[in-house]
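The values are calculated or read from the model by the stated rules, or taken from the named source; none is laboratory data. Because the structure is predicted, anything quoted here is derived from the model rather than measured. Here the Cβ positions follow ideal geometry from the backbone for every residue, glycine too, while neighbour counts run over all protein chains shown.
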Amino acid sequence: MQGRRISLAIALSAALVLASSAAVAQYQLTTLGSNQVKQASHIDPLLVNGWGVVHGPGTPWWISDNN
């Protein structure tokens, strides 16, 4: 009985490791905005420390930064 529990624990651990690594492989980083040339899809020379993307009700999306 103890051997079955150990085998089940090992099998579940292996399945969890394989499933989590497959999920990580599904994402790709895309830098949308930057103040440096050739670092992103769009260049904004006034962008300072961009940290997130936000929007308000009925407004477009924009990049939040320190200024």
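Some notes on this structure:
- Exactly one residue among A40, A23 is at pLDDT 85 or above and of a type outside the set (S, T, Y), and that residue is A40.
- Of all residues making up segment 30-39, the number that are within 18 Å of V54 (Cα to Cα) and either hydrophobic (A, V, I, L, M, F, W, C) or exposed (fewer than 10 other Cβ atoms within 10 Å of the Cβ) (or both): 2
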